[in-house]
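Asker: Structure incoming, see below.
The numbers here are math on the coordinates, done by the rules we state, and not lab data. Not measured: the values here are computed from a predicted model. Cβ coordinates were reconstructed from backbone atoms using ideal geometry, including for glycine residues, and neighbour counts include every protein chain displayed.
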């Protein structure tokens, strides 16, 4: 594959990114945050590509969000400085790497429990101070302290821990839960203010709630990843149209065993098994009444029983994935194009970085 | 990470392979096929590592099975010759690569339709002959001709196509469908015999049906991948015990937000979202009453409500994945150990090879 080639000549399956759709997604989201006067911190998990994070910063984003230290190291190597890692850091080997990273970037991490805070404090007490935010579970049911009282208690522990600086609050919210997030944040902020603990950052997040971020007035920044490409789940959430989905997985019909069955060469190794509540595995743009009923690793079985038009063997079809972030993690390269002509091929630099 | 290190010092998540369990799995399966007098062709999709395929061949396997041409190229580069690619090959760029591969290996491919056969014939008519098997759908509902009559018709087309040699029949069966497979194969073989068409290979497959391969007497070879590591789905299928599962994903408890919730640092980027009919995302060996209720990319949310014992923050836990093959595809390296001491670190050479 090379620049200038038609996407129709590429071997399938291939993950394609429409340059213009992506550029518009970056621009529109940043304009929203500029308008409401809030910092925006894109999550790199969706693309894992430094050049794309650079475009997000060039548009006005404040810094980047990573989930794992290995991802942050890739982006630090690429020259990024303002990095928030939204994950509890545990274990000597990881903390040693964190100390190195903290010497060369403006690093922030989160913690939701005293074991993590005490480990960080022990590791950083004799070196450059580390900024730590308290992760709050405002309803999503994943990591996070459960109440404003717990958030205050942990913030206080961080503020008093050698080697650490309390930097603020952070949540990854349940979609459409802005009111609950605001209650959690504002109650915690009141407790902190009463105790005289400064709270520079209040970090809200999520692509599904991106354009409702103004409903959380306590927040000072927003983190989001998926919005740069968008996907079927974002369309369902009402955040965009199918035309705003920059990522298509291009696949080929390799078999038509029966009148109502087609098989594509894109399986779970191209699309993942993430359903995100859907009953099938992505939208066939050109055959919207067909359903990707089952995936194995290299095959997608398509049910054509409700589709009046039926694709032929050898035909290429475009798929909007249920979840774009996990697709990027499966490909060594994403192929960018404008009007079907390849513009660039970007290695997915932080692909597979799980530690 | 390095040889001689304890697995307890490794950063998590990490995919571990127990050397002795794997060696036993290789040996026991090969002994079964030796006993029933059938060729065995391991599918490399489960490990994607040449050194492991070499161990399978050393035990007595006849050749290897790949699913995509890019995988086959990796194994050809590593010196493997007897390769069956069980996928329909379409498109000029792919067929050009197939022609090159056919000059340096004893290559076989499959086809289940005339478009594929005609494309292969056109590509190979002026070069070294390609061996082609007919893929049969014996009930799994994926690729394959639907009836023995269709299988015969396509075999006949291959036998008469310039550049191609009809090499046999192949199926990826539905589990526990040996009787139906035997009917399909024997009826097709009768039609071929009547027409005087030689059928050197009859290839049956699947790890769930591995030890029932003798119930398909028409078959001359069996293909299987998962058996080398085994996984939770293989235990459910009655093919092995949990002690026979060579792959564990080692993860760390990073949060205990509530009394009944733990969060691990192994999400869908380590375990995939493959459920394979399970309601949760893998078995916690040390906490069998706990349930990995939800995955996001980097988090596993564990429901501890039925588990009397509950893990602490910082504790390491071992997970037997639902589906081992897809886990190998997510890691750049698999870490091998004996009694918890690292024996070798193997790059997953054919990881991410989707075309």
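Asker: Given a Förster distance of 45 angstrom, what is the FRET efficiency for residue A:186 paired with residue A:1, based on the Cβ-Cβ distance and rounded to 0.05? Please report the intermediate quantities before stating the final value.
Answerer: Values: r = 51 Å, r/R0 = 1.14.
That pair, residue A:186 with residue A:1, gives E of 0.30.
Asker: Label points 7 Å out from Cα along the Cβ direction at residue B:93 and residue B:27: separation in nm?
Answerer: Rounded to a tenth, the inter-label distance reads 4.6 nm.
Asker: Which shape class applies to the range B:38-228: rounded if a/c is under 1.5, otherwise prolate when a/b exceeds b/c and oblate if not, where a ≥ b ≥ c are the square roots of the Cα gyration tensor eigenvalues? If you can, show how the numbers build up before the last one.
Answerer: Numbers: a/c = 1.77, a/b = 1.02, b/c = 1.74.
Note, shape of the range B:38-228 comes out oblate.
Asker: Could you work out how far apart the two model spin labels at residue A:156 and residue B:103 are, taking each label as a point 7 Å from the Cα in the direction of the beta carbon, and quote it in nm?
Answerer: Calculated label separation equals 7.6 nm.
Asker: Right, something else. If you average over every viewing direction, what projected area does the convex hull of the Cα atoms of the range B:174-249 give, in nm²?
Answerer: Values: hull surface 21.6 nm².
Average of the hull's projected areas for the range B:174-249 equals 5.4 nm².
Asker: Then there's this: Taking the Cα centroid of the range B:278-355 and of the range A:79-130, what is the distance between the two, rounded to the nearest whole Å?
Answerer: First find each Cα centre; the distance between them is then 25 Å.
Asker: Please report, for residue A:60, the nm distances (one decimal) from its label point, 7 Å out from Cα along the beta-carbon direction, to the equivalent points in the remaining copies, shortest first.
Answerer: The projected label point of residue A:60 is separated from its counterparts by 7.1 nm.
Asker: OK, next. So if I take the alpha carbon set of the range A:131-182, get Rg, then get Rh from the Kirkwood formula, what is the Rg over Rh ratio? Show your work: numbers first, answer last.
Answerer: Details: Rg = 11.6 Å, Rh = 11.4 Å.
That ratio is 1.02, to two decimals.
Asker: So what's Rg/Rh here for chain A, counting alpha carbon atoms and using the Kirkwood radius for Rh?
Answerer: Details: Rg = 21.9 Å, Rh = 21.5 Å.
Rg divided by Rh gives 1.02.
Asker: Here's a follow-up. For chain B, take the longest principal axis of its alpha carbons; what is the angle in degrees between that and the long axis of helix B:50-59, to the nearest 10 within 0 to 90?
Answerer: 70 degrees
Asker: How far, in degrees from 0 to 90, does helix A:92-104 lean away from the longest principal axis of the Cα atoms of chain A, to the nearest 10?
Answerer: 90 degrees
Asker: Whole percent per 10 Å bin, from 0 to the bin with the longest distance: what is P(r) over all C-alpha pairs of the protein assembly as shown?
Answerer: For the protein assembly as shown, the binned pair fractions read 3, 14, 24, 25, 18, 10, 4, 1, 0, 0 percent.
Asker: Report the rotationally averaged projected area of the range A:200-355 based on its alpha-carbon convex hull, in square nanometres.
Answerer: On the way: hull surface 45.6 nm².
Taking a quarter of the hull surface, the average projection is 11.4 nm².
Asker: Restricting to DSSP H runs of at least four residues, report the calculated mean residue ellipticity at 222 nm for chain B, -39500 (n - 2.57) per run over all residues, nearest 500 deg cm²/dmol. Working shown, then result.
Answerer: On the way: 10 runs with 105 residues, N = 355.
That comes out to -9000 deg cm²/dmol.
Asker: What do you get when you divide the Cα radius of gyration of the range A:1-116 by 2.2 N^0.38 Å, with N the number of residues? Intermediate results must be reported in sequence, preceding the final value.
Answerer: Values: Rg = 17.1 Å, N = 116, 2.2 N^0.38 = 13.4 Å.
Scaled against compact globular proteins, the figure is 1.28.
Asker: Can you tell me the FRET efficiency between residue A:149 and residue B:306 if r is taken as the Cβ-Cβ distance and R0 is 30 Å, rounded to the nearest 0.05?
Answerer: On the way: r = 29 Å, r/R0 = 0.95.
With a Förster radius of 30 Å, E is 0.55.
Asker: Here is a follow-up. How far, in nm to one decimal, is residue A:100 from itself in the other copies if the label point is set 7 angstrom along Cα toward Cβ? Shortest first, please.
Answerer: Label-point distances to the other copies, shortest first: 3.7 nm.
Asker: On full extension of the chain, what length is gained from residue B:122 through residue B:333, given 0.36 nm per residue of separation minus the C-alpha to C-alpha distance? Intermediate values should be presented prior to the final figure.
Answerer: Numbers: separation 211, 0.36 × 211 = 75.96 nm, distance 3.97 nm.
Length difference between fully extended and current span is 72.0 nm.
Asker: At R0 = 25 Å, how high is the FRET efficiency between residue B:197 and residue B:129 if r is their beta carbon distance? Nearest 0.05 is fine. Mind showing how you got there, number by number?
Answerer: Details: r = 16 Å, r/R0 = 0.63.
For residue B:197 and residue B:129, the calculated efficiency is 0.95.
Asker: Chain A: which residue's Cβ hugs the A-to-B rotation axis most tightly, distance rounded to whole Å?
Answerer: Residue of A nearest the axis onto B, distance in Å: A:273, 2.
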